[in-house]
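As structure tokens, the structure follows; a few thoughts come after it.
Nothing in this text is a laboratory measurement; each read-out follows from the coordinates by a stated rule. This one's a predicted model, so the numbers in the text were calculated from it and none came from an experiment. Positions of Cβ are backbone-derived with ideal geometry, glycine not excepted, and every protein chain shown enters the neighbour counts.
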Amino acid sequence: MKCQITNALSDFFFEYETPRQVLVRNRRVGVVCRLIQLGVLAYIIGWVFIYEKGYQSTDTAVSSVFTKMKGVGYTNVTGEERVWDVADYVFPPQGDSSFVVMTNYIITEGQKMGKCPELPGKHNCSSDADCEGGSFKRTGHGHMTGVCDNATKTCEVLAWCPVENDHNIPDPPLLKSAENYTLFIKNSVTFPIFGVTRSNLVEGIDATYINKCLHNTRDSPLCPIFRLGDIVKESGFNFETIAKVGGAIGIVVDWTCNFDVDVKYCKPTYNFHGLYGNPSETDKARASVGYNFRYAKHYMEDKVPKRTLLKVFGIRIDIIVQSLARKFDIIPTLTAIGSGVGIFGVATVVCDLVLLYLLPKREFYKNMKFKYTDTHGQHDSESLGLDTSSVYFASEAKTRPGQDTARSNDPDSEAGSTETEESKK
């Protein structure tokens with residue numbers, strides 16, 4: 001027993017097994033095999049290594065964005081002149097990566113808390129019975145008092161009076177001058193795996209350059225200062241249309257870097273996308289048009305709290321940072337090579353299927369590829385004390401009387417791998 005265990009361990013550690021191979025001289029199968037291998041090789045080199053860059057590891061950036069708008073707007077509504085600066089037309093004012101630039105508005109001044117009639121067309125009534133006191137409607141401006149105003153034939157409400165009338169949107173937009181506002185974007189990214197930090201104020205962009213540059217996709221692609229009208233144009237919208245009712249635009253700062261070369265070549269690119277609505281759509285076909293919100297400025301007048309209400313129509317800017325950095329790494333390289341080598345086995349599987357099931361001489365190839373043994377016959381011979389190899393070789397000698405003794409006694413000799421004239425027929 002101890003000897004058997006020792007032999008088994010010795011065989012396990014000191015012996016090497018290799019599969020038996022059969023060399024088939026067949027032009028069609030050979031061509032199919034080489035074509036498949038060539039396709040796999042093209043896939044590994046072209047797709048895995050060149051296109052997908054499977055020899056590199058990847059990392060995405062942690063980023064921060066600061067923004068600053070500049071520009072002055074001017075309006076003259078019914079003879080009332082007004083100048084609008086950054087504090088008036090940017091919401092919120094903190095310089096975040098998402099903000100709104102006001103381009104049009106409806107203003108309701110001098111509102112104070114009290115009772116007043118609703119607008120015509122909202123909560124119409126003919127008597128007090130039509131106005132349910134103590135209730136309110138979603139589209140209304142306040143809390144109904146249960147009184148029908150005879151002058152307007154609308155229900156009276158407790159609200160900020162006079163109520164806002166937003167039926168008529170100014171056209172052209174009041175702040176059309178917003179087209180010449182400028183946006184400054186400051187972006188910093190860090191790739192933690194590679195330990196690289198970059199800013200969109202790359203080499204060559206200093207204070208002197210920033211003071212005079214304006215972003216242009218062709219001439220000044222790295223300038224971080226953008227004209228609002230150019231942003232709208234690049235996103236596919238018409239400025240006057242989007243300025244009237246508002247909309248949303250995305251600015252994508254793309255950091256796609258290859259750190260196998262010098263870090264200074266890692267520079268951002270800027271892309272512009274219309275996020276809200278399709279420029280080719282007709283406004284009448286959509287249920288809700290544009291982008292707007294309300295903003296109130298509260299004050300005291302003669303000890304009475306009042307407010308000025310603005311319905312703001314504006315362009316919402318969303319700055320999105322997109323990043324992907326790559327660098328050579330031996331682990332993904334070996335993984336890509338190993339998977340590629342494994343795919344080469346597809347050629348062997350396909351050629352075996354052709355040989356064993358499609359070619360006319362498939363039975364001959366099966367005999368060459370596989371060895372068949374009768375376990376019952378071998379067991380009976382061993383129980384009788386016979387030498388199974390001698391019996392096998394003897395039977396082989398009887399079936400091949402024309403062959404010499406050396407060839408008939410070796411089942412793995414060239415005679416067993418040669419296609420005879422009879423099999424060719």
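The lysines whose alpha-carbon is closer than 20 Å to the alpha-carbon of LYS264, local same-chain residues fewer than 8 away aside, are LYS186, LYS327.
Here the calculated FRET efficiency for VAL86 and TYR43, from their Cβ-Cβ distance with R0 = 56 Å, stands at 0.55, rounded to the nearest 0.05.
Between ASP166 and PHE66, take the C-beta separation as r, use R0 = 35 Å, and let me know the FRET efficiency to the nearest 0.05. Working from the Cβ atoms, E equals 0.55. Between MET300 and SER177, the distance separating the two model label sites (each 7 Å from Cα on the Cα→Cβ line) works out to 3.4 nm. Considering only Cα-Cα distances, which of the following residue pairs are longer than 20 Å: LYS244/LYS297; LYS176/LYS306; LYS115/LYS137; LYS112/LYS297? From LYS244/LYS297; LYS176/LYS306; LYS115/LYS137; LYS112/LYS297, over 20 Å: LYS244/LYS297; LYS176/LYS306. Measure out, as a whole number of angstrom, how far apart the alpha-carbon centroids of the stretch 218-277 and the stretch 12-29 sit. Each part reduced to its Cα centre gives a spacing of 60 Å. Compared with the direct C-alpha span, the chain from SER188 to ASP262 gains 24.8 nm at full extension, assuming 0.36 nm per residue.
At full extension, ILE5 and LYS233 could sit 73.8 nm farther apart than now, given 0.36 nm per residue minus the alpha carbon distance. Classify the stretch 148-193 as rounded, prolate or oblate, taking a ≥ b ≥ c as the square roots of the eigenvalues of its Cα gyration tensor: rounded when a/c is under 1.5, otherwise prolate if a/b is larger than b/c and oblate if not. It is oblate, given that a/c is not under 1.5 and a/b is not larger than b/c. Residues whose amide H falls under 5 Å from that of CYS161, counting only those 5 or more places apart or on a different chain, are LYS112, MET113, GLY114, with hydrogens built in the peptide plane. Between LYS115 and GLU363, the simple spin-label model (points 7 angstrom out along Cα→Cβ) gives 10.9 nm.
Which of the three applies to the stretch 14-70, rounded, prolate or oblate, going by the alpha-carbon gyration tensor with a ≥ b ≥ c and a/c under 1.5 meaning rounded? Oblate, because a/c is 1.5 or more while a/b does not exceed b/c. When a/c is below 1.5 the answer is rounded, else prolate if a/b is larger than b/c, else oblate, so apply that to the stretch 1-46 with a ≥ b ≥ c taken from the square roots of the Cα gyration tensor eigenvalues. In terms of gyration-tensor shape, oblate.
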